[in-house]
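A short write-up of the structure that comes next.
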Amino acid sequence: MTSTTHHPPAVLFVHDGSPVAHIKHLKDAGLRVSETHAGAAVDTARKQQPDIIVLDFDYDGDVSAQLKRDEATRHIPVIALVHLIPPS
């Protein structure tokens, strides 16, 4: 009988430096979460090779485009969180 060890998915959470409550939720869900700032996202993703990348900041598409252009990171799924401000 073969035993296979399953590790929880690794998530790289990219943010702009603001406190992020989402990280706690992901960790509470049992995911392995690391975090970085937008300027270091591609380098960190290259080194860590996470299962998924979550972008949480004023999203302009630049980080996502960089990740998809880089051969070492283009295969990693990216989710961008958009924060909508309700109309006043």
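Scan the stretch 47-67 and tell me whether some residue there is among the basic types (Lys, Arg) and either farther than 13 Å from residue 10 by Cβ or in contact with a His (Cβ under 9 Å, 6 or more places away or on another chain) (or both).
No, the conditions are met nowhere in the stretch 47-67.
Please enumerate the residues belonging to the stretch 64-88 that are open to solvent by less than 100 Å² (accessible area, probe 1.4 Å), of a type outside the set (Lys, Arg) and at pLDDT 85 or above.
Correct list: 64, 65, 66, 67, 70, 72, 73, 76, 77, 78, 79, 80.
Check 12, 31 and return the single one that is under 15 Å from residue 78 (Cα atoms) and either aliphatic (A, V, I, L, M) or in contact with a Phe, Trp or Tyr (Cβ under 8 Å, 6 or more places away or on another chain) (or both).
Of the residues listed, the single one that is under 15 Å from residue 78 (Cα atoms) and either aliphatic (A, V, I, L, M) or in contact with a Phe, Trp or Tyr (Cβ under 8 Å, 6 or more places away or on another chain) (or both) is 12.
Restricting to the stretch 47-63, count the residues that are open to solvent by less than 20 Å² (accessible area, probe 1.4 Å) and modelled with pLDDT of 90 or more.
Number of matching residues: 5.
The values are calculated or read from the model by the stated rules, or taken from the named source; none is laboratory data. Fair warning: this is a prediction, and the values are worked out from it, not measured in the lab. Positions of Cβ are generated from backbone atoms using ideal geometry, with glycine treated the same way; all protein chains shown enter the neighbour counts. These accessible areas exclude ligands, DNA and RNA; they are computed on the full protein's heavy atoms, side chains included. Shrake-Rupley method; radii C 1.70, N 1.55, O 1.52, S 1.80 Å.
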